[in-house]
Amino acid sequence: MKIRSDYVTNSSSVSYIITMDLDIVNCFIEFYSGTESMEGSLRIAKALKNFMIENGTINYMHEHEIYSYLMKFADDDGSCITKQILEENGENTDPLQMNNEELFNYIRGELIHEKKLSNTIGGFGATQTEQY
């Protein structure tokens with residue numbers, strides 16, 4: 001809990017180190033391309049791949065090209081949203097119908113904060129580094 005002199009809030013922030021093995025992500029994308037049931041996951045994979053290439057730091061570990069990025073966000077300000085919250089509010093849960101901002105709010109909430117990223121999209125990982 002954060003305490004301020006003018007007001008009190010339960011706002012909580014978190015940070016994660018997001019990792020991406022470019023070869024594995026590319027294999028995931030190639031393998032599932034054209035699979036109708038995977039279109040949402042493919043959109044997420046491509047968006048996150050482009051984000052990591054543009055913003056991440058590249059490292060070479062054991063002959064693998066690994067991108068990493070320290071992602072910080074509040075878990076209660078709308079920038080971190082889950083499928084359950086969207087459903088409860090009667091909002092869109094289809095990644096194919098989300099704009100870029102909505103998609104990344106969904107990625108942060110449903111995949112990163114809910115610890116589903118590596119199980120959903122091959123080649124990505126998330127390690128929580130802070131909770132404050």
Low-density loop positions, trypsin sites (Lys or Arg not before Pro), segment 4-105 - DSSP coil, at most 11 other Cβ in 10 Å: 4
Acute angle (nearest 10 degrees) that the helix 39-55 long axis makes with the longest principal axis of the chain, alpha-carbon atoms: 80 degrees
Inter-label distance for residue 54 and residue 31, nm, one decimal - labels placed 7 Å from Cα along Cα-to-Cβ: 2.7 nm
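Could you order 32, 106, 132, 60 so the one with the most accessible surface comes first? Probe is 1.4 Å. Please report the intermediate quantities before stating the final value.
Numbers: 32 70, 106 20, 132 100, 60 160 Å².
Solvent-accessible surface, decreasing: 60, 132, 32, 106.
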Nearest-10 value in Å² for the accessible area of residue 76, using the 1.4 Å probe: 80 Å²
Per residue value of the accessible surface for segment 59-110 (all protein chains in place, 1.4 Å probe), Å²: 63 Å²
Debye-sum result for the chain in log10 I(q)/I(0), which assumes one identical scatterer on each alpha carbon, at q = 0.12, 0.14 Å⁻¹: -0.50, -0.66
Total lysine pairs whose alpha carbons fall under 21 Å of each other in segment 1-126 (8 or more apart, or interchain): 13
Which of 61, 52 is most accessible, then next, and so on - probe 1.4 Å: 61, 52
Between helix 22-32 and the chain: long-axis angle, C-alpha atoms, 0 to 90°, nearest 10: 80 degrees
Integer Hz, Karplus 6.51/-1.76/1.60 couplings in order for segment 85-93, x for Gly and Pro: 5, 4, 5, 4, 8, x, 9, 4, 10
Karplus-derived HN-Hα couplings along segment 94-103 (A = 6.51, B = -1.76, C = 1.60, θ = phi - 60°), whole Hz, x at Gly and Pro: 8, x, 6, 9, 8, 6, 4, 5, 4, 4
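Using a 1.4 Å probe on the protein heavy atoms, what percent of the accessible area of the chain belongs to carbon and sulfur?
On the way: 3660 of 7990 Å².
That share works out to 46 percent.
The values are calculated or read from the model by the stated rules, or taken from the named source; none is laboratory data. As the structure is a prediction and not an experimental result, all values here were calculated from the model. Ideal geometry is used to build each Cβ from the backbone, glycine not excepted, and the neighbour counts take in all protein chains shown. All accessible areas refer to the heavy atoms of the entire protein, side chains included, with ligands and DNA or RNA removed. Shrake-Rupley method; radii C 1.70, N 1.55, O 1.52, S 1.80 Å.
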